[in-house]
Amino acid sequence: QVQVAESGGVLVQTGGSLRLSCAASGRTFSRYAIAWFRQTPGIVREFVAIISANGANPYYADSVKGRFTISRDNAKNTVYLQMNSLQPEDTAVYYCAAAVKEGDYKDPRLYGFWGQGTQVTVSS
């Protein structure tokens with residue numbers, strides 16, 4: 001069993017940077033690919049980035065490619081999302097989750113162990 005908790009979300013101005021953290025408990029954390037999703041009211045949870053269990057092969061949504069970087073430290077059971085050049089459209093609640101099923105990695109239904117999310121607000 002894995003439990004995760006996101007942190008680091010705050011109010012930031014356009015063009016600013018933030019680093020989100022996804023801290024996990026459980027010895028099996030390092031076995032899972034971990035993804036970040038984001039959600040705004042009334043919108044389906046949107047894929048942001050994913051990193052494999054060993055930290056290789058990160059993939060990004062086109063909307064964040066070149067601005068966001070996902071990384072992980074398995075020794076600390078933590079996954080990070082470095083967000084640069086933030087824009088108002090990046091405003092959302094950000095969630096991390098573990099990939100528990102195989103399939104389209106952009107599909108939130110393949111993930112489990114969701115955290116409570118952390119609010120990121122980018123002011124214009």
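Can you tell me which of ILE34, ILE43, ILE51 moves the most in a GNM of the chain? Springs connect C-alpha atoms under 10 Å apart.
In this elastic network of the chain, the residue with the biggest mean-square fluctuation among ILE34, ILE43, ILE51 is ILE43.
Taking R0 as 35 Å, what's the FRET efficiency between GLN3 and SER124 from their Cβ-Cβ distance, rounded to 0.05?
That pair, GLN3 with SER124, gives E of 0.50.
Once a ≥ b ≥ c are taken as the square roots of the eigenvalues of the Cα gyration tensor of the range 48-101, is the result rounded (a/c under 1.5), prolate (a/b larger than b/c) or oblate (a/b not larger than b/c)?
prolate
Under the definition of Cα pairs under 8 Å and six or more residues apart, what whole-number percent is the relative contact order of the chain? Working shown, then result.
Details: 304 pairs, mean separation 43.0, N = 124.
RCO, the chain: 35 percent.
Place a point 7 Å from Cα of THR40 in the direction of its Cβ. Which residues in the range 48-88 have their backbone N less than 13 Å from it?
Taking a point 7 Å out along Cα→Cβ of THR40, the residues of the range 48-88 whose backbone N falls under 13 Å are 87-88.
Based only on Cα atoms, what mean projected area does the convex hull of the chain have, in nm²?
Details: hull surface 27.6 nm².
If I average the Cα hull's projected area over directions, I get 6.9 nm².
Tally up the carbon and sulfur contribution to the accessible surface of the chain as a whole percent, 1.4 Å probe, everything protein left in place. Before the final figure, lay out each step's value.
Numbers: 3090 of 6500 Å².
Summing carbon and sulfur atoms, their accessible area is 47 percent of the total for the chain.
What net charge is computed for the residues neighbouring SER7, neighbours being all others with C-beta under 14 Å from the C-beta of SER7, Lys and Arg scored +1, Asp and Glu -1?
Neighbour charge sum, excluding SER7 itself: +1.
Averaged per residue, what accessible surface does the chain expose to a 1.4 Å probe, in Å²?
Result: 52 Å² of accessible area for each residue.
The values are calculated or read from the model by the stated rules, or taken from the named source; none is laboratory data. None of these values were measured; they are calculated from a predicted model. Backbone-built Cβ (ideal geometry, glycine too); neighbour counts: all protein chains shown. Surface areas here come from the heavy atoms of the whole protein model, side chains and all, with no ligands, DNA or RNA. Shrake-Rupley method; radii C 1.70, N 1.55, O 1.52, S 1.80 Å.
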